[in-house]
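Notes to accompany the following structure.
The values are calculated or read from the model by the stated rules, or taken from the named source; none is laboratory data. As the structure is a computational prediction, the values presented were derived from the model and not from experiment. We place every Cβ from the backbone using ideal geometry, glycine too, and count neighbours over all the protein chains shown. These area figures cover heavy atoms from the full protein model, side chains too; ligands, DNA and RNA do not enter into them. Shrake-Rupley method; radii C 1.70, N 1.55, O 1.52, S 1.80 Å.
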Amino acid sequence: MKVRCGIIIFLFAIVLTLSFSLNAVAMTTGFEVNPVETDNNIGIKIENKEYHSVSIKCFDVSDTGLIAIGTDEGSEKHVNLYDNNGTFKYGYSFTDYGTYGVGFDDENILIYISRGETVYLVDRQGNCLEKCDIINNIENNSYWNNVVFAKTKESSGNKYYLSKSPGLLGMVSPFYSRLIKKELNGEETILLDVSNEHDVYITSLIIVSIIVISISIVVVKNFGQKINLHFDKKY
């Protein structure tokens, strides 16, 4: 009797252990991760208004055609969600000081923080369901570069890729301003285009740079003349 009870307790312990192991990581991601205490320390919030930016930093497409677009304004990050036709649905905002990527776990969003090597699982209401540390290994490094930060992705046979602004400014700019969908028949559709905002931003940067360089040249030249005048008077 004691032996039988011992076997039952032992089997029950194994079932509990297996159950805990299977549920340890609820999110589905291509990274190898370790679960940690769930929190929302980057301040993830839901947004019902589309955030307009001058460039596209990252993106992903779900199996159902839902599109996530990541933008970056310094430490203020925004993720816009669109349907397969490019119509805005909802978005998220959070704070981080490094680069990041986005992904999907069914209808939930995955936010990958590069600087802290962390991933957050967030639902439609902006609730942080789970947080995991991304293990630093060769496989995960490859996933960062070839999947999360990839400029071309596929979903349901369609190809989605980032493109730069047309024209000269797009050629000299490091930023992407268009998301294009290419269907199996070769037809292409521009789902998102912030080229106008991008071109204004790049033009402003160029003008400011020219002004700063010009002022610097004048200041250095005047300073050099004063130095030469000082030495001429002294000697």
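General remarks:
- Test for residue 129: is it over 21 Å from residue 78 (Cα atoms) and among the aliphatic types (A, V, I, L, M): no
- Checking each residue in segment 180-202 for being small (Gly, Ala, Ser) and in contact with a Ser or Thr (Cβ under 7 Å, 6 or more places away or on another chain) picks out only 195.
- Any hit, segment 154-164, residues being over 15 Å from residue 57 (Cα atoms), under 15 Å from the mean Cα position of the chain (by Cα) and open to solvent by 50 Å² or more (accessible area, probe 1.4 Å): no
- Residue check for residue 31: in a loop (DSSP other than H, G, I, E, B) and modelled with pLDDT of 95 or more: yes
- Screening residue 184 on (1) surrounded by 11 or more Cβ atoms within 10 Å (Cβ to Cβ); (2) at pLDDT 80 or above; (3) touching a strand residue (DSSP E or B) at 6+ places or on another chain (Cβ under 9 Å) shows it passes everything except condition (1).
- Filter pass, residue 84 being surrounded by 14 or more Cβ atoms within 10 Å (Cβ to Cβ) and either hydrophobic (A, V, I, L, M, F, W, C) or closer than 14 Å to residue 108 by Cα (or both): no
- With respect to being among the polar types (S, T, N, Q), at pLDDT 95 or above and out of contact with any His (no Cβ under 7 Å at 6 or more places or on another chain), residue 155 falls outside the description.
- Inside segment 73-101, residues that are in contact with a strand residue (DSSP E or B) (Cβ under 8 Å, 6 or more places away or on another chain) and assigned to a strand (DSSP E or B) make up a count of 17.
Each row is one residue, and each column tells you yes or no for (1) of a type in the set (Phe, Trp, Tyr); (2) touching a Lys or Arg at 6+ places or on another chain (Cβ under 9 Å); (3) over 30 Å from residue 207 (Cα atoms).
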| residue | (1), (2), (3) |
| --- | --- |
| 111 | no, yes, yes |
| 126 | no, yes, yes |
| 170 | no, yes, no |
| 175 | yes, yes, no |
